[in-house]
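The values are calculated or read from the model by the stated rules, or taken from the named source; none is laboratory data. Nothing here was measured: the structure is a model prediction, and the numbers come from that model. Because the Cβ atoms are built from the backbone with ideal geometry, glycine has one as well, and the counts that use them run over all protein chains shown.
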Amino acid sequence: MSVPQARKGGRPLMNLVRFKGIPILKQLHLEEQLLRTSSNNWCIINDGTNAPNIVMGLSGKPSELLELKPVLRDGIPVIRRFTGGGTVIVDPGTIFVTLICNKDAVPDVQPYPRSIMQWSSLLYNEVFQGIGDFHLCENDYVFGNRKFGGNAQSITRKRWIHHTSFLWDFESRNMAYLKLPKKVPEYRLARSHMEFICRMKDYMTRSVFIAKTVRAIGNRVQVHAAEDLYFCFLEFRIPTKLLCFWPMTGEIGEENQHICLLFSLFLELLMTLEAVFLLVLCRLSRIFPCILYNTQWLPATTPKRNITMVEIEIDASNVINLITLATSQPPDGFPDE
């Protein structure tokens, strides 16, 4: 789709996509579809998300990891992502860096979490060279013995994804939503959340971090800045989703359980309508390959292309908006970055 993934000078090509403040749920949906439907290598950098969200690993249990009463009281969205790893609360102060690669794309990297993390730690060693005693400690990026970067992976038959949430800044009060997990890294030593983590802003500015990260990636692969993102919607259900806590008897009152049940059913209905919408769009695009180019959603200057299913040349943020057209108005044009 975006560029042929041929090697130049022995190095693989990688598409670089940069966002600023897109919702983390939309970012995770995009990442999973790129992992499962694209054959290209991708780096996604999202400078902050739009609002506080709690993101759990695939096997995370809310009752064990979250303080449910304040989470429900304050209406904090809870997302179960498609990768492993622990639980984190993210907000506009979090910087996200995601690497999606074919298994044979990066020399000497085996499709196992430890091998992938060792390679990524070398990349970030270059970014943080000489700053704050940076190193990989167990599964975390730390300065000294305090964590500022959490990692998670998913590995498929032919591809892998490694994404990191960097705590450039955070609201201390948000840590109260998280319980101390039963399984913790050995180096944590029973420390509280605030004793265990630190802010990256005390060591490096946001812009310098992003610039150094792009440069370090460019030293290892051929980077293609993907100003236009080609994307193909396939017919499968995305596991990453918002959670509702209504099954957890004893955690919340009976009245709240009924409210959460209705809300959960409402969300399921919206997701079903969205899936039906995308399915119809896929079917129509097979019959009328250029159907989308006759709508107001794309600029008049967009070049016409022969497409299969729903392959679109459009600004990356508009691709995200297109995913949610079932519940939002079509964009008037390209939004400002």
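Points worth noting:
- Residue pairs meeting the criteria (Cβ under 7 Å; at least 6 apart or on separate chains; first β-branched (V, I, T), in segment 1-21; second modelled with pLDDT under 55): V17/L229; V17/A316
- Segment 32-58 - residue that is hydrophobic (A, V, I, L, M, F, W, C) and within 30 Å of R73 (Cβ to Cβ) and, of those, nearest to the chain's Cα centre (by Cα): V55
- Selected residue (criterion: nearest to H29 (Cα to Cα)) from residues of segment 157-192 that are at pLDDT 95 or above and among the β-branched types (V, I, T): I161
- Top-ranked residue of segment 189-214 - restricted to ones that are basic (K, R) and either touching a residue at least 24 places away in the same chain (Cβ under 8 Å) or not assigned by TED's automatic domain parsing to the domain that holds P70 (or both), ranked as nearest to G150 (Cα to Cα): R199
- Residue within segment 61-74 that is of a type in the set (S, T, Y), touching a residue at least 12 places away in the same chain (Cβ under 8 Å) and under 27 Å from T205 (Cβ atoms) present: no
- Among the residues making up segment 100-153, those that are β-branched (V, I, T) and assigned to a loop (DSSP other than H, G, I, E, B) are V106, V109, I131.
- Among the residues of segment 75-106, the one identified as without any contact (Cβ under 8 Å) to a residue 12 or more places away in the chain and not small (G, A, S) is D104.
- Under the condition of being touching a His at 6+ places or on another chain (Cβ under 8 Å) and assigned to a strand (DSSP E or B), the residues counted in segment 154-185 number 1.
- Segment 170-182 residues that are closer than 21 Å to M200 by Cβ, paired with ones that are hydroxyl-bearing (S, T, Y) (beta carbon under 7 Å, 6 or more apart): L178/T87
- Qualifying residue in segment 121-136 (condition: crowded, with 17+ Cβ neighbours inside 10 Å and closer than 20 Å to H193 by Cα): yes
- Of the set (1) more than 22 Å from R188 (Cα to Cα); (2) among the aliphatic types (A, V, I, L, M); (3) buried (at least 22 other Cβ atoms within 10 Å of the Cβ), all apply to L167 but (1).
- Among residues of segment 138-155, those that are under 22 Å from the mean Cα position of the chain (by Cα) and closer than 29 Å to D202 by Cβ, counted: 12
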